[in-house]
Amino acid sequence: MNFEFYNPTKMVFGAGVLSRLGEIVGQYGKKALIVTGGGSVKRSGTFAKAVESLAKAGITYAECSGVEPNPRITSVTRGAKIAREEGCDVIIALGGGSTMDASKVMAAAVLYDGDPWNLIGHGQADWHIPTKALPIITVPTLAATGSEMNGGAVISNAETKVKSFVKTSALFPKVALVDSELTLTVPKDQTAYGVCDIITHVMEGYFNGIDGTPIQDRWAEGVIINAMEYGRKAVADGSDLEARTQVQWASIVGLNGWVQAGVNTLSPMHMIEHALSAHHDITHGAGLAIVGPAWMRFAAKHRPQRFAQFAERVFGFSTEGKDDLELGLKAIDAYEEFLRNIGCPTHLSEVGIGDDQFEQYAKDAALVAHDNEGRLLARPAMTMDDIVGVLRSAL
Ligand code: NZQ
Ligand code: ZN
């Protein structure tokens, strides 16, 4: 294992910590741009509480509302313009992963004179990885992406149908203010999709990483087991604060870099899903519930031992007298059943996607992360035919 680990984001975690927003933001600026999504934070009263806390600390604010799920580059441009015009010196992301991702790129775009799309990593000639950004304070209202404590952002370009990401040190939030009370209003479906996203984040490294990472394996298994246990409870009873808290903690641990340290993770399930949501605007976690089991059945044939370990340790299946692949496939069935039980779709037909553009999705999935032969980075690396095969099996 040879690796570097870096995560400078300070975390303040606990039910009720939203009341500390003003005090925390005051350490970084005097006028905030508050970025929000489609209105959930207004309906839940979260926005009002945030503003009250800012007022107590003497922080003024401007607002950028209306960031859409699968956030678009146009929202980033709009937010950066408001921040500039209003003279904001700190950005508050108050919402789900989409709001947080858009806020991060806005924070960089404020200090960049070129086209904000250049800031997103997609390999074009004028690509500019952000090196500076206004201070970002994340206040997540949905447990899923882990964006609150990582340096990544996923942004879509509606014109070109490209969904791509940027991941760099400058985009780490200064503080993640994590108040699980804010997630109590998340509807059942989004709660379930979030749980699938959390699990998939650690699965990517678990199934696609290098060998010889026993601590990371146990860690990933722990996140999966807990996300399943508390995810079930949070879906069954949205007002269960303990379940919400544990799911939110899992979402952060799942993608703040700890579980991935030294694993050399690759993310084929994410790359394929991003291609689907770029074309069809489906919810990321729902897309992962469809792609995940289908991809796992493909990968299990190449690495049956790994999937047998997953079966034994996550589902407690006995290995006795069982062939590794058989055991692995049984665990994938159990995982798919879990997803269905919490209300996730597991087939493309359920979200209205047919097979007419499979070749395009395969191309798009590999566009962002491919090897010298153009294959999607994964274990094993996937040809276009492999990706199309996985999609076909998910119909
Ligand atoms: O827009 P509002 O009105 O806020 O409603 C949102 C939205 O409709 C709603 N919601 C959020 N908090 C709520 C709530 N509804 C009621 N009560 C609350 N407390 O939930 C809906 C989905 O929100 P969104 O932010 O889109 O969901 P999520 O957190 O799953 O974020 C998905 C985005 O993050 C990207 C995805 O690709 C997708 O674009 N990802 C970002 C990553 C990262 N930065 O590290 C990694 C992930 O793998 C992922 O790719
Ligand atoms: Zn994800």
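The values are calculated or read from the model by the stated rules, or taken from the named source; none is laboratory data. Note that this is a predicted model, so its numbers are computed, not measured. For neighbour counting, all protein chains shown are included, and Cβ atoms are generated from backbone atoms with ideal geometry for every residue, glycine included. These area figures cover heavy atoms from the full protein model, side chains too; ligands, DNA and RNA do not enter into them. Shrake-Rupley method; radii C 1.70, N 1.55, O 1.52, S 1.80 Å.
Taking Gly262 as the residue in question, decide whether it is within 13 Å of ligand 2 (Cβ to nearest atom) and either more than 16 Å from Gly151 (Cβ to Cβ) or modelled with pLDDT under 95 (or both).
On the way: within 13 Å of ligand 2 (Cβ to nearest atom): no; either more than 16 Å from Gly151 (Cβ to Cβ) or modelled with pLDDT under 95 (or both): yes.
Against the criterion (within 13 Å of ligand 2 (Cβ to nearest atom) and either more than 16 Å from Gly151 (Cβ to Cβ) or modelled with pLDDT under 95 (or both)), Gly262 does not qualify.
If you take the residues of region 61-81 that are crowded, with 17+ Cβ neighbours inside 10 Å and of a type in the set (A, V, I, L, M, F, W, C), which of them is nearest to Phe47 (Cα to Cα)?
Top of the filtered list is Cys64.
Of the residues Glu273, Glu312, which single one is within 13 Å of ligand 2 (Cβ to nearest atom), at pLDDT 95 or above and either within 18 Å of Ala334 (Cβ to Cβ) or assigned to a helix (DSSP H, G or I) (or both)?
On the way: Glu312 fails: within 13 Å of ligand 2 (Cβ to nearest atom).
Unique residue meeting the criteria: Glu273.
Output the residues belonging to region 85-119 that are among the polar types (S, T, N, Q) and under 20 Å from the mean Cα position of the chain (by Cα). Before you say what the answer is, go through the steps one by one.
Going residue by residue through region 85-119, those that are among the polar types (S, T, N, Q) are 98-99, 103, 118.
Correct list: Ser98, Thr99, Ser103.
Of the residues in region 200-244, how many are open to solvent by 30 Å² or more (accessible area, probe 1.4 Å) and either modelled with pLDDT under 95 or away from ligand 1 (no atom under 14 Å from the Cβ) (or both)?
Number of matching residues: 17.
Mind listing just one residue for me: the one in region 52-100 that is among the aliphatic types (A, V, I, L, M) and within 16 Å of ligand 1 (Cβ to nearest atom) and, of those, nearest to Asn150 (Cα to Cα)? Even if it seems obvious, please write down each step before you answer.
Just the residues of region 52-100 that are among the aliphatic types (A, V, I, L, M), to begin with: 54-55, 57, 59, 62, 67, 73, 76, 80, 82-83, 90-94, 100.
Applying the additional criterion that residues be within 16 Å of ligand 1 (Cβ to nearest atom) yields 67, 73, 76, 91-94, 100.
Values: Val67: 19, Ile73: 20, Val76: 18, Ile91: 16, Ile92: 15, Ala93: 13, Leu94: 16, Met100: 10 Å.
If we take residues in region 52-100 being among the aliphatic types (A, V, I, L, M) and within 16 Å of ligand 1 (Cβ to nearest atom), then Met100 is nearest to Asn150 (Cα to Cα).
Could you say whether any residue in region 195-213 is under 21 Å from Asn341 (Cβ atoms) and over 17 Å from the mean Cα position of the chain (by Cα)? Give the steps one after another, and end with the answer.
Start the filter on region 195-213 by keeping residues that are under 21 Å from Asn341 (Cβ atoms), which leaves 195-203.
Applying the additional criterion that residues be over 17 Å from the mean Cα position of the chain (by Cα) yields none.
Looking through region 195-213, none of the residues is under 21 Å from Asn341 (Cβ atoms) and over 17 Å from the mean Cα position of the chain (by Cα).
State whether the residues of region 312-324 include one that is more than 30 Å from Lys363 (Cα to Cα) and touching a residue at least 60 places away in the same chain (Cβ under 8 Å). Explain how you work it out, then say what you get.
If we filter region 312-324 for residues that are more than 30 Å from Lys363 (Cα to Cα), which is where we start, we get 312-324.
From what is left, the residues that are touching a residue at least 60 places away in the same chain (Cβ under 8 Å) are 313-314.
Yes, there is a match, as at least one residue in region 312-324 is more than 30 Å from Lys363 (Cα to Cα) and touching a residue at least 60 places away in the same chain (Cβ under 8 Å).
Which residues, counting only those in region 217-259, are over 22 Å from Met296 (Cα atoms), away from ligand 2 (no atom under 16 Å from the Cβ) and in a helix (DSSP H, G or I)?
Scanning region 217-259 gives Tyr230, Lys233, Ala234, Val235, Ala236, Leu241, Glu242, Ala243, Arg244, Thr245, Gln246, Trp249.
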